[in-house]
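Chemist: Next up is a structure, given as C-alpha cells.
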Amino acid sequence: MSKLFKKVILLFNVFIVSTFVLLGCSKNDEIQSMVKSYENLLNEGNYKELYNNISKQSKEYISKEDFIKRYSSIYSSIGVNDINISIGEINSKTEIPISITMNTLAGKLKFEDIKVNIVEEDKDYKIVWNESLIIPNMIKDDKIGVEVDKAIRGQILDRDNNKLAYDGKAYQVSIHPSVFTVNKDENLSKFANILDVSIDKISEKIENQNPEHKIPILKVSQYEDEKINSLKTIEGVIIDEVDSRVYQNSEALGCLIGYTDNITKEELEKYKDKDYNSQSKIGKSGLEQVYEDKLRARDGVHIFIKRGEEKITLAKTEPINGENIKLSIDSKLQENIYAQMNNEKGASVALHPQTGEVLAMVSSPSYNSNTKVTYITKTISNKWKESEYAHNENRFNNAYSPGSTMKLITASIGLDENVLNSNDTFDIKGLNWQKSSDWGEYYVTRVKDPKKPVNLYDATKYSDNIYFADLAIKIGKDKLIEGAKKFGIGETLDFEYPMDKSQISNKGKLDNEMLLADSGYGQGEVLMTPLDVSMSYSALSNNGNIMKPRLVISENKNQKVYSEAINKENLENLISCFGAVINDEDGTGNLGKINGVNLVGKTGTAEIKKSKNDTEGSENGWFVAVNMDEPKIAISMIIEDLNGKSTASHVVPKVKNIIESYINN
C-alpha cells in the first residue's frame, strides 16, 4: 500500500471520528438547551408552552388542559418556586440523568439520579412525560397533600404588657352570588354603605363568577362588630372568622409598629436564603419590619404524596413561634401626644431622662395598622389622598434643622471652653448683625431687641440668634464640632430603630464663618432628630449625663450613660437660663409653664430655605422641655410648616398639655 494511500485513509478516519464527535456535541447541546427551556418555563409557570416540549405519545397520555391543571394545582398548593434542573453526563440518546431542586412551603426539596426519557421528533428533542416530572416518585392517580401546623408570630408589647401587635382573628366577608343577587341592587347598596366602599368594586368581584361559589370580598377588623352585625342582615352575605395580625385600634402607633403583609416576588428573591415561601407574611414597615427576624413565625409544613391510604413524606418541618418583644413605650402617652398633634405634619419623642427609656415615638399624621391588614374605607382613602399620602412618611426618625433648640449645646460648649462667662454681656444694636463687612449682604437676624446689652440668661429666654452666632464664632469651628459630639451630633447612634444621622454640616466641617455663626443657633446645615433633641435636654435633669436610649426593653435591660454631655460646674447656670425660657413671663416658652411643676426647655423656629436669599421658605416649630423635680419626662415636638402660626402659641401649649397630663397621671 502506497504511503499516499495510507495518508488518505488516516485523514478519512480522522474526519469520520471528528464528525461523530461534533455531532455528539451538537446533540448534547440540543438536549441541554431543551432541558434549560423546560426549567425556565416551569419557573415562569408557563405550563401551556411547557406542554409543547413533551412527546406526541405523552400528549396522548395527558391532555393540555389536564397537564396545565395538574402542574398549577400541585405547585401552587405546596408553594413551589426557584426550580433548578441540572443534567448529568449524557451517554444515551434516549435517556438523560437529571437532578432537581425546588423551594416549597417546607423548604428546599432535592431529588437526584432521576432518569428522564427523551425522543427525537421532527428534528427536535421532546420529553417523554409522566407524573414523576411534576414531583419525582409520583405515579398516576397520586395526589399531593399538605398539612400546615401554624406557628405564632411574636407579639409586640408596650411597657405595661398591653398588646400592640399580635396574632388574632378578623372577619372574612364573602358573598354567595345566587342568594345575594336576588335583590342585587338593594343588597349592593346596603353592603357598600355599611363598609364605606365602592359599589362598583363589589359588583366587579361577583360578576362572571359561579353563582353557587362563595366569593371572598374583604377582611374586616375584629374591632368592627357593629359593621359585622349589620352585614349579617343582608341575604347572601357570609361571615367567617379567619387568622389575622391584629393591632391596637389606633393611628397613634401605626408608623412605629408598622404592619405585615404577603411577601412579594421581589422580597422572595431578596431573602431567598431565609426560607420564606410564596405564602409567607413579612413585616412591611415599622417595628414589624425592623424586628422581622425575631418576630417571624415559621409554620410547620408536611408535604407528602397521597397514594391510596398511604402517605409518602417528601418534606416535613416543625413550627417555630416568633419571639415577643417588649417596648418601653407608654401607649397612653403615645395616644395623648398624637391627639395633641391633631394630624399636623410633625413628630415627637419622649424619654425618661434618668433611664433612657423611650416613652413615645410619634409621627403625624399616621395610620391605623389594622387598615393595612384588612381593608381601606372610601373615607380613609380620600383623607390620605387629600393629604398627599403624608401618613406614609415616618417622621420621628427624620433629621431636621433644630433651630434654637441647638442653643443649649452651643451654650454648654461655650462655658466648657471658657469663652463665655454667664455674666458677660454683648451689646447688640437692632435686629440685624454681621461679624464684618466680609459677609457682604448676609446678616444674622433676631426677633426681639431688648434695648440693652444681653447676657446668657437674657439671650436664652429671648432666643437671641445674634448672641449665639457670635458665641459660635468665639468658640471656633473645631471646638464647636468636637463639643457637639458630646451631644451625639455627627455620631452614629446605637439604637434599636433606624434613625437619620445627626450632623453639624453636610461635610462635617465649618470652614465658612457664616456657616459657623448660623450653626450656633441651629440653622446652617445642622440636623438633629427629635430623639437627639430630647436626649440633649434630658442631661439638664440627670446631672449633666445623657442616658443611652432604649426602646426594646426585653433586650436592652441595662441602663447606661451615653455621654457626660454637660460639665457639672455649668449645670446650675444652664438650668437657670433654660428655666427662664418657661418660667419668666417674657420667656419664649412661657405658655408652657405649669403651676407646681419645675420645667426647663427651649423653643425653636427653624427656617427651611433653599438658599440664604430665599424669602419664601417655610418654618418648622420646635419645643423641648424636661421636668426637673423627680424627673419623669423629656419631650421634644416639631410641627412642620407653621404657615404663619408662632411656635410659642401653637407648639408650646401642645407640649404643656402632654407633660401636665403625664405628670399628674
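The numbers here are math on the coordinates, done by the rules we state, and not lab data. For clarity, every value in this text was computed on a predicted model and none was experimentally measured. Here the Cβ positions follow ideal geometry from the backbone for every residue, glycine too, while neighbour counts run over all protein chains shown.
Chemist: If you average the sequence gap of Cα pairs under 8 Å that are 6 or more apart and divide by the length of the range 173-306, what percent do you get for the contact order?
Modeler: With pairs under 8 Å counted, the relative contact order is 23 percent.
Chemist: For an R0 of 25 angstrom, estimate the FRET efficiency from the Cβ-Cβ distance between Lys48 and Thr313 and round to the nearest 0.05.
Modeler: My answer for the efficiency is 0.20.
Chemist: If you place +1 on the Cβ of every Lys and Arg, -1 on the Cβ of every Asp and Glu, and leave all else neutral, what size is the dipole of the range 452-493 about its Cα centre, to the nearest 20 Debye?
Modeler: Dipole magnitude for the range 452-493 comes out near 60 debye.
Chemist: Ok, one more. Between Glu207 and Lys294, what is the spin-label point distance in nm, taking each point 7 Å from the Cα along the Cα→C-beta axis?
Modeler: Rounded to a tenth, the inter-label distance reads 4.9 nm.
Chemist: Rounded to the nearest 500, what is the chain's calculated 222 nm mean residue ellipticity when only DSSP H runs of at least 4 contribute -39500 (n - 2.57) each, over all residues?
Modeler: -10000 deg cm²/dmol
Chemist: Another one. What distance in nm lies between label points placed 7 Å from Cα along the C-beta direction at Val119 and Ser76?
Modeler: Calculated label separation equals 3.1 nm.
Chemist: Please give the contour-minus-distance gain from Lys143 to Thr94: 0.36 nm per residue of separation, less the Cα-Cα distance, rounded to one decimal in nm.
Modeler: Taking 0.36 nm per residue and subtracting the Cα distance, the gain is 14.8 nm.
Chemist: Quick check: the angle from helix 331-341's long axis to the longest principal axis of the chain, C-alpha only, nearest 10 degrees?
Modeler: The answer is roughly 70 degrees.
Chemist: Given a Förster radius of 22 Å and the C-beta distance between Asn249 and Asn229 as r, what FRET efficiency does 1/(1 + (r/R0)^6) yield to the nearest 0.05?
Modeler: So the FRET efficiency works out to roughly 0.80.
Chemist: Turning to a different aspect of this structure: Spelling out what I want: for every residue of the range 66-76, take phi, set θ = phi - 60°, compute 6.51 cos²θ - 1.76 cosθ + 1.60 (Karplus), and round to whole Hz; glycine and proline get x.
Modeler: So the Karplus estimates, Gly and Pro as x, are 5, 4, 5, 5, 5, 4, 4, 5, 6, 5, 6 Hz.
Chemist: In nm, give the distance between the simple-model label positions of Asp641 and Ile320, each being 7 Å from the Cα along the Cα-to-Cβ direction.
Modeler: That separation, rounded to one decimal, is 4.6 nm.
Chemist: Right, next: Enter the angle in degrees (range 0 to 90, nearest 10) between the Cα long axis of helix 184-195 and the first principal axis of the Cα atoms of the chain, meaning the one along which they spread out most.
Modeler: The helix 184-195 is inclined about 40 degrees to the chain.
Chemist: From the C-alpha gyration tensor of the range 22-137, pull out the three semi-axes of the equivalent ellipsoid (sqrt of 5λ each), sorted largest to smallest, in whole Å.
Modeler: 23, 17, 12
Chemist: Efficiency by 1/(1 + (r/R0)^6): what FRET value for Ser554 and Tyr271, r their Cβ-Cβ distance, R0 = 22 Å, to the nearest 0.05?
Modeler: Given R0 = 22 Å and the Cβ-Cβ separation, E is 0.35.
Chemist: From the backbone phi of the range 42-49, what are the Karplus-calculated ³J(HN,Hα) couplings (6.51 cos²θ - 1.76 cosθ + 1.60, θ = phi - 60°) in whole Hz, Gly and Pro given as x?
Modeler: 3J(HN,Hα) across the range 42-49, in whole Hz: 4, 5, 7, x, 8, 6, 5, 6.
Chemist: List the longest stretch of the chain that has no exposed loop site; here a site is one of the GluC sites (Glu not before Pro) assigned by DSSP to anything other than H, G, I, E or B, with at most 10 other Cβ within 10 Å.
Modeler: In the chain, the maximal stretch lacking such sites is 442-584.
Chemist: Sticking with this structure for a sec: Run the numbers on the chain and let me know its relative contact order in percent, using alpha-carbon pairs under 8 Å that are six or more apart.
Modeler: In percent, rounded to a whole number, it is 11.
Chemist: Which lysines have a Cα lying under 20 Å from the Cα of Lys219, excluding residues fewer than 8 positions away in the same chain?
Modeler: Correct list for Lys219: Lys150, Lys169, Lys190, Lys201, Lys205, Lys227, Lys232, Lys281, Lys284, Lys372, Lys378.
Chemist: In percent, what relative contact order does the range 349-468 have, based on Cα pairs under 8 Å that are 6 or more apart in sequence?
Modeler: Relative CO of the range 349-468 lands at 19 percent.
Chemist: Next up: So what's the range 236-320 giving for Rg/Rh, alpha carbon basis, Kirkwood Rh from the mean inverse pair distance?
Modeler: Ratio value, two decimals: 1.09.
Chemist: While we're here: Working from Cα positions, state the angle (0 to 90°, nearest 10) between the long axis of helix 568-583 and the longest principal axis of the chain.
Modeler: The answer is roughly 90 degrees.
Chemist: Taking 0.36 nm per intervening residue step and subtracting the Cα-Cα distance, what contour gain separates Lys632 from Asn382 on full extension?
Modeler: This chain segment gains 86.0 nm when fully extended.
Chemist: Turning to a different aspect of this structure: Cut-off 11 Å, label point 7 angstrom out along Cα-to-Cβ of Gln32: give me the residues of the range 109-132 whose amide nitrogen falls inside.
Modeler: none
Chemist: Given a cut-off of 21 Å, name the pairs among Lys115/Lys140; Lys407/Lys501; Lys115/Lys274; Lys163/Lys326 whose C-alpha atoms lie farther apart than that in the structure shown.
Modeler: Correct reply: Lys115/Lys274.
Chemist: Over the Cα atoms of the range 166-247, each weighted equally, I'd like the Debye log10 I(q)/I(0) at q = 0.18, 0.25 Å⁻¹, rounded to two decimals.
Modeler: Listed by q, the Debye log ratios stand at -0.71, -1.25.
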